[in-house]
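**Student:** I am attaching a structure below and will ask some questions about it afterwards.
Each value in this text was obtained by applying a stated rule to the coordinates, not by laboratory testing. Since the model is a prediction, treat every value here as computed from it, not as a measurement. With ideal geometry, Cβ positions are generated from the backbone for all residues, glycine too; neighbour counts draw on all protein chains shown.
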Amino acid sequence: MAWPSGKAGACKASIPSSNLGATFFFTPVIVSPLMLFLVATPIGNLGDITYRAIETLKSCDYILCEDTRHSIILLRHYDIKKPLRSFHKFNESKSEDYIIQDLRDGKCISLISDAGTPGIADPGSLLVKRCIEEEISITTIPGPCALIGALTASGLPTNSFQFLGFLPKKEQALIEILITTLHYQGISIAYESPKRIKKTLHALAKIAPDTRIVIAREMTKKFEEYIRGNAKDVLENLSTLNIKGEIVLCIEGVAQHRWNAITAQEHVAFVEKEYSIPRKEALKLVAQLRGIPKRDLYKSMLPPRNQ
Ligand code: SAM
């Protein structure tokens, strides 16, 4: 199905306030029916919320949130007196029908998550997809997002990056994804839990001890800190500590030209030896990284047959 292009929010006034570089507009929030508002909320510091976000939350009919006990703190702080409805990963698809019906009935609905931007490692993307299919407008009220905060404060180059969400728990899957990040020509950003960060760093220190990484912890909060260095140093730094709080991990990749300078066969041998993984796994990964069929690569590695 072709996706409808849709129109963004209906606003009464838009007043350009600058002609230097990007033009700023101020648009009062006019909540229109048949509209889903994606509203970013703080990632820790309650002060990190935009004027439009508060106005939107105050003007809509109800607010979808992951945990009503958590979001009520934000609502009370800003004197937002709107009903909260639970919308989390376990009821996301089940809730779609009633939400779409409410939007069709002319209700205006805001979607927030426990922290940051809804839809980023949080529920929301399925509902957005459904709204697009149903030709219901969506608009964004942008704001905090942990991955962007970590990247911009990391000191690593920001021109090219990929977001991995939460890293896999199983060791083999973790190693595979870490190897792909080392081959990525930019910064890979992952969300991590304090319980698993040491395990991830151990794996990284083993396969790529010199890779530059940054840990952004508890951003915007009292114990905010950034730990920069290579995987081995950072791990040594953290080894004695009982790490707590919320964490984003940024990993610098290796420039692509380094891989293009070697043949696919040499690449397999490198991955196999450097990262201590079996030949079969190395073949699978290199085929994936270079975008070539695994079978062809496998055949090219076989010794020539005797005539
Ligand atoms: N939707 C959110 C966003 O826009 O960033 C992310 C939600 S995700 C369920 C929560 C994860 O984001 C945490 O486990 C942590 O990895 C990261 N995170 C959220 N707040 C953070 C903070 N203040 N400092 C560091 N990492 C944070």
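**Student:** Counting other beta carbons within 10 Å of each Cβ, put TYR226, TYR51, TYR275 in order, fewest first.
**Tutor:** TYR51, TYR226, TYR275
**Student:** At R0 = 41 Å, how high is the FRET efficiency between GLU281 and ASP97 if r is their beta carbon distance? Nearest 0.05 is fine.
**Tutor:** 0.40
**Student:** Further, regarding this structure: Kindly provide the helix-only [θ] at 222 nm of the chain, computed as the sum of -39,500 (n - 2.57) over DSSP H runs of four or more divided by all residues, to the nearest 500 deg cm²/dmol?
**Tutor:** Roughly -11000 deg cm²/dmol at 222 nm, from the helical runs in the chain.
**Student:** Please list the radius of gyration and Dmax for the stretch 147-252, considering alpha-carbon atoms only, with Å as the unit.
**Tutor:** In order Rg, Dmax, the Cα atoms of the stretch 147-252 give 12.4, 35 Å.
**Student:** On a full-extension model of 0.36 nm per residue, what is the gain between ASP114 and THR158, subtracting their alpha-carbon distance, rounded to one decimal in nm?
**Tutor:** In short, 13.2 nm is gained.
**Student:** Given the C-alpha centroids of the stretch 148-189 and the stretch 206-240, what is the distance between them in whole angstrom?
**Tutor:** 13
**Student:** Of the beta bridges DSSP finds with both residues in the chain, what % are antiparallel, to the nearest 5?
**Tutor:** So the antiparallel bridges amount to about 50 percent of the total.
**Student:** Please report, in Å, the Rg and the Dmax of the chain, where both are computed over Cα atoms only.
**Tutor:** When restricted to Cα atoms, the chain yields Rg and Dmax of 23.4, 83 Å.
**Student:** Given LYS58/LYS107; LYS81/LYS107; LYS199/LYS244; LYS170/LYS294; LYS199/LYS232; LYS169/LYS195, which pairs have Cα atoms separated by over 20 Å?
**Tutor:** Listed pairs above 20 Å: LYS170/LYS294.
**Student:** Can you compute the FRET efficiency between LEU302 and THR23 using 1/(1 + (r/R0)^6), with r the Cβ-Cβ distance and R0 = 51 Å? Round to the nearest 0.05.
**Tutor:** 0.25
**Student:** Measuring from label point to label point, each 7 Å out along Cα→Cβ, what is the PHE166 to ASN45 span in nm?
**Tutor:** 2.7
**Student:** If every alpha-carbon in the stretch 68-207 counts as one equal scatterer, what log10 I(q)/I(0) does Debye give at q = 0.11, 0.21 1/Å?
**Tutor:** Here the Debye-derived log intensity ratios amount to -0.57, -1.30.
**Student:** Could you name the lysines in cross-link range of LYS299, using Cα to Cα under 23 Å and dropping any fewer than eight places away on the same chain?
**Tutor:** Correct list for LYS299: LYS273, LYS280, LYS284.
**Student:** Of VAL286, LEU201, GLY124, which is farthest along the charge dipole of the chain in the positive direction, counting Lys and Arg as +1 and Asp and Glu as -1 at C-beta?
**Tutor:** VAL286
**Student:** Looking at the stretch 77-145, which trypsin sites (Lys or Arg not before Pro) are in a loop (DSSP not H, G, I, E or B) and have at most 14 other Cβ atoms within 10 Å?
**Tutor:** LYS81, LYS89
**Student:** Nearest 20 debye, what's the magnitude of the dipole of the stretch 195-307 about its Cα centre given +1 on Lys and Arg Cβ and -1 on Asp and Glu Cβ?
**Tutor:** Using Cβ point charges on Lys, Arg, Asp and Glu, the stretch 195-307 gives about 480 debye.
**Student:** Could you pull the Rg and Dmax for the stretch 259-300, using just the Cα atoms, both in Å?
**Tutor:** In Å, with Rg to one decimal and Dmax whole: 9.1, 23.
**Student:** Picking from THR152, THR180, THR263, which is most flexible by a Gaussian network model of the chain using Cα springs under 10 Å?
**Tutor:** Among THR152, THR180, THR263, the largest mean-square fluctuation in the Gaussian network model of the chain belongs to THR263.
**Student:** Could you work out how far helix 264-274 tilts from the main Cα principal axis of the chain, as a 0 to 90 degree angle to the nearest 10?
**Tutor:** 90
**Student:** Enter the angle in degrees (range 0 to 90, nearest 10) between the Cα long axis of helix 68-77 and the first principal axis of the Cα atoms of the chain, meaning the one along which they spread out most.
**Tutor:** Between the helix axis and the principal axis of the chain, the angle is about 60 degrees.
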